[in-house]
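Let me begin by presenting the structure, written as structure tokens, before commenting on it.
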Amino acid sequence: MKVWASLSWRVWVLPLLLLGCAAEPGPKGYQSPGKPRPPVALRLSGAPRMQAGVPVRLQLELTLPPGAESHSIEFDHSPALQVTGIALGTGGRLEAAVMPMIDGPRVLAGFVTFRLGGTLQGSPFRLRLPVGQGMAPATASIPAPAGVLRQDSVDGTVMSLTAETTSR
Amino acid sequence: MTLRLSSALLAAGLLTACGGGGGGSEAGGGGSGGGTPPPTQVTVSGTISFDKPTVRPDNTLDLNQTERLPVRGATVEVLRGSDGSLLATVVTDGSGHYSATVSNTPLRIRAKAQLLKTGSGGYDLEVRDNTAGNALYALDSSQVTPSGASLRVDLNAPTGWGGVGYTGQRAAAPFAILDMLWRARELLQQAEPGLVMPPLDVFWAPGNNGADCEGRPNPVSGDLGTTFYVGGSGLAATGACPATPPGIYVLGDASGDASDDADEFDPSVIAHEFGHYVQDRLGRDDSMGGPHALDHRLEPAIAFSEGWGNAFQGFVLNSPWYRDTFRTGGTAAFAFNIENDSQPFTSLVETGFYSEASVQEVFWDVYDGAGEAGDAIDLGYAAIHAVMRGAIVETPALTSIFPFAEGLAVGHPSQASALRQRLLAEGIDGIGDFAENQTLPIAPDLLPVFQTLTTGVPVPTVSTDRYSDGDSFFASYNRLGARRYFRIDLPNGGNLDLSAQGPVGSDPDFLLYRQGVQQCANFASPCSGLDDSVADGLETASYTGLAPGTYLLEVAECSNLGELCRPGPPLGDTVMTVRMDLR
């Protein structure tokens with residue numbers, strides 16, 4: 001069974017996450033894969049079974065550019081997936097103790113910092129982690145920013161931003 | 001954020017009240033004495049500016065040290081204070097200055113995040129909020145009341161930075177993006193005066209973040225995944241994910257998480273994506289997208305597209321450095337130098353026609369002056385622009401470094417030798433659009449880059465997954481050697497039968513292109529080369545009424561293209577026999 005049989009290799013697009021993605025809806029459409037990303041990868045070793053309320057230790061593997069001198073890793077705070085501890089191992093391996101709080105697709109996100117050629121470099125990461133049996137679609141979203149929407153007399157709505165105004 | 005913005009708007013309201021409280025023009029006029037009637041017209045002028053953080057030596061941002069820059073080329077409206085009706089529309093000059101003569105009445109000034117010109121040399125570049133109905137960003141003054149025949153009103157868009165985090169409206173952000181658009185437009189139209197640029201919307205919002213919607217962007221919620229460009233008619237809605245209109249989408253996440261990523265003050269990122277717009281809308285881009293990095297061995301079209309994007313940002317900013325900052329306030333960075341072998345990532349970058357790093361280095365050396373070791377080329381952007389608008393569009397092969405080099409050499413024969421030497425230094429020794437005589441020491445079985453099909457003669461080829469870096473989802477979707485290419489010359493056009501025979505259990509697929517345009521309408525039988533052919537390993541297709549010309553056939557073992565083509569592990573090296581027959 002071919003999943004994308006009706007789509008051209010050049011005519012789809014998709015996943016990004018860590019990556020950024022590409023897609024193309026029409027004969028001349030094109031979606032860029034996203035901005036260039038640092039050559040850093042964080043991968044999950046194995047396939048741990050995760051359930052809400054059950055703590056789990058995730059084995060992770062961090063790949064940095066050759067010659068990277070040092071690194072640190074920091075995780076986002078998430079009420080749905082709490083990171084309770086991190087242990088750095090050797091060879092890019094690390095262990096993260098996490099407590100999934102709610103079943104559903106979760107993301108372990110954070111930031112990696114490393115030093116290369118005397119410069120400090122960094123990269124955000126996002127790792128998908130399914131939690132529990134029921135894989136409800138992710139509902140998390142960031143609310144639209146507040147602001148004043150006004151009808152513009154020329155070409156539709158505008159998002160009004162307040163200027164520092166000086167008049168004389 | 002809601003509370004912060006509300007506070008800012010409350011402050012604005014107070015300012016407006018104070019401005020209006022200065023009295024109407026009648027009251028002001030009455031106070032001047034002498035019985036001179038107030039002027040019926042007033043000339044209002046001033047400058048529009050925005051605050052931009054400075055860049056530290058370590059490539060991070062310093063939002064506590066900003067510089068005030070002009071908003072150039074933006075649409076400015078003079079609005080009647082009482083009802084917001086339009087009194088005049090003008091455009092800021094290169095210093096951010098504007099001037100308009102209008103009726104003497106209390107008024108407001110509105111600067112739109114818009115570069116707009118019609119006719120020859122026309123353009124329509126706008127910055128909009130994808131999380132608020134795609135509203136156009138506009139910077140509004142408080143209301144002011146003229147007290148004479150002239151009035152100066154200066155507007156500035158502040159960053160909203162409060163010292164350790166954002167505490168106010170991030171008004172500078174859309175205008176920082178607009179400034180990059182202005183610079184890119186200048187570059188293009190200096191290279192090609194009179195160039196009419198297709199409209200482009202750039203979408204930014206403080207809520208644009210790195211999450212996604214089932215692997216796709218959700219512009220309504222701001223879950224973008226990353227900063228990206230999408231052309232054509234955008235992305236259609238699927239499942240829970242709404243449609244994505246075409247444009248450039250820019251991250252703005254500064255919510256305080258470790259993974260925060262905002263790109264409004266990363267001109268390299270905006271210009272890179274603008275480069276994709278240029279290649280897509282003003283040239284031609286055969287890239288299939290997918291994840292890529294400096295250390296990947298890529299399919300030639302995506303290597304070219306991404307190398308172009310990295311180089312184009314350098315042209316716009318006139319700097320070989322690519323910089324991208326992360327975390328709230330831009331306190332961390334990813335940066336590399338395209339002039340100097342992608343320093344500091346020199347040890348990992350790939351070299352060859354399949355490397356975005358090699359492509360961007362060649363572009364940069366064509367752009368910058370000669371005189372460095374190994375770089376005797378000095379042509380500037382205009383020469384590059386001409387090839388991107390000409391030879392790249394017209395090539396019967398792929399949009400890759402090969403037709404670029406060929407087009408540049410043909411247009412500038414005096415520098416052809418220097419260009420050839422520079423390409424050889426990157427391991428690019430193929431000649432012409434179809435890379436004749438290209439060598440590939442790492443994988444001679446993947447040569448020639450473009451094989452040739454003639455009627456009735458079967459040609460063996462191999463599709464591989466050897467450069468996938470273990471990415472189980474994408475596999476070799478955009479990697480070197482997964483897709484193999486064949487040149488087909490049909491001087492008289494005609495009807496064509498194509499076949500690709502692999503071993504039983506393989507799934508050969510193919511697509512036929514002419515100058516980048518896929519030739520099978522709706523990928524429907526009998527011309528579809530995308531059928532499931534695992535049972536016998538044979539894929540066939542028939543085309544009728546093909547026009548005279550040179551065609552490009554793309555052949556791959558489907559599983560090597562990852563789960564976007566078919567689930568399951570890639571087969572890896574798969575030998576197929578490809579054949580064409582004219583009917």
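A Förster radius of 45 Å, combined with the Cβ-Cβ distance separating B:T550 from B:T118, puts the computed FRET efficiency at roughly 0.75.
Each part reduced to its alpha carbon centroid, the stretch B:42-98 and the stretch B:285-355 end up 31 Å apart.
The mean count of C-beta atoms from other chains within 10 Å of the C-beta of residues in B:135-147, rounded to a whole number, is 5. Shielding value for B:212-218 is 6, the average number of Cβ atoms from other chains within 10 Å of each residue's Cβ. Protection proxy ranking of B:188-195, B:535-542, by the mean of other Cβ atoms within 10 Å over each peptide's residues and highest first, is B:535-542, B:188-195. Taking the C-alpha atoms only, the angle from helix B:300-317 to the longest principal axis of chain B is near 30 degrees. If a spin label sat at a point 7 angstrom from the Cα of A:T84 along the line to its beta carbon, the backbone N atoms of the stretch A:42-68 nearer than 11 Å would be those of A:53-57.
Label sites at B:V91 and B:D532, each approximated as a point 7 angstrom past Cα along Cα to Cβ, lie 5.6 nm apart. Computed from Cα atoms, the angle from the helix B:356-367 axis to the main principal axis of chain B rounds to 60 degrees.
Quickly estimate the mean residue ellipticity at 222 nm for chain B, helices only: each DSSP H run with n ≥ 4 gives -39500 (n - 2.57), and the total goes over all residues, rounded to 500.
Working: 10 runs with 124 residues, N = 583.
Result for chain B: -6500 deg cm²/dmol, rounded to the nearest 500.
The A:A97 and B:D445 beta-carbon pair, evaluated with R₀ = 45 Å, returns a calculated FRET efficiency of approximately 0.45. Taking a spot 7 Å from the Cα of B:S150 along the direction of its beta carbon, which residues of the stretch B:99-142 have an amide N less than 16 Å from it? Taking a point 7 Å out along Cα→Cβ of B:S150, the residues of the stretch B:99-142 whose backbone N falls under 16 Å are B:99-102.
Overall form of the protein assembly as shown: prolate. Here a/c, set by the Cα gyration tensor axes a ≥ b ≥ c, is 1.5 or more, and a/b is the larger of a/b and b/c. Among the residues of B:230-243, the average count of other protein chain beta-carbon atoms within 10 Å of the residue beta-carbon is 4. The count of lysine pairs in the protein assembly as shown that are at least 8 places apart or cross chains, and whose C-alpha atoms lie under 27 Å apart, stands at 6.
Between B:S319 and A:V54, the modelled labels are 5.1 nm apart [label points 7 Å from Cα along Cα→Cβ].
If you stretched the chain out fully between B:D469 and B:S542, how much longer would it get, using 0.36 nm times the residue separation minus the C-alpha to C-alpha distance?
22.7 nm
Percent relative contact order of chain B, based on C-alpha pairs within less than 8 angstrom and at least six residues apart? Answer for chain B is 9 percent.
Ordering B:489-498, B:169-178 by mean Cβ neighbour count within 10 Å, with the highest value first, yields B:169-178, B:489-498. Note on B:T454 and B:R68: their simple-model spin labels are 7.3 nm apart, each label 7 Å out from Cα toward Cβ. Computed from the C-beta positions of B:S82 and B:T43 and an R0 of 25 Å, the FRET efficiency is 0.80 to the nearest 0.05.
How would you order B:329-341, B:216-228, A:37-49 from highest to lowest mean count of nearby Cβ atoms within 10 Å? Intermediate results must be reported in sequence, preceding the final value.
Details: B:329-341: 22.1, B:216-228: 26.4, A:37-49: 16.1.
Peptide ranking by packing, descending: B:216-228, B:329-341, A:37-49.
Ranking B:R583, B:R389, B:R484 by Cβ neighbours within 10 Å, fewest first, what do you get? Spell out each step's value before the answer.
Values: B:R583 10, B:R389 20, B:R484 24.
Ordered from fewest to most neighbouring Cβ atoms within 10 Å, B:R583, B:R389, B:R484 come out as B:R583, B:R389, B:R484.
Fewest-first ordering of A:V107, B:V196, B:V153 by other beta carbons within 10 Å of each residue's beta carbon gives B:V196, A:V107, B:V153. Going by neighbour counts of Cβ atoms within 10 Å, the residues B:S499, B:S414 line up, fewest first, as B:S414, B:S499.
Measuring spread by the Cα atoms of chain B yields a radius of gyration and Dmax of 27.7, 101 Å. Across the stretch B:112-230, the relative contact order, built from alpha-carbon pairs under 8 Å that are at least six residues apart, equals 31 percent. How far, in degrees from 0 to 90, does helix B:267-277 lean away from the longest principal axis of the Cα atoms of chain B, to the nearest 10? On a 0 to 90 degree scale, this one is about 60.
Read-outs throughout are calculated quantities, based only on the coordinates presented, and are distinct from any laboratory measurement. Remember, it's a predicted structure, so these values are computed and weren't measured experimentally. Cβ: placed from backbone, ideal geometry, glycine included. Neighbour counts: every protein chain shown.
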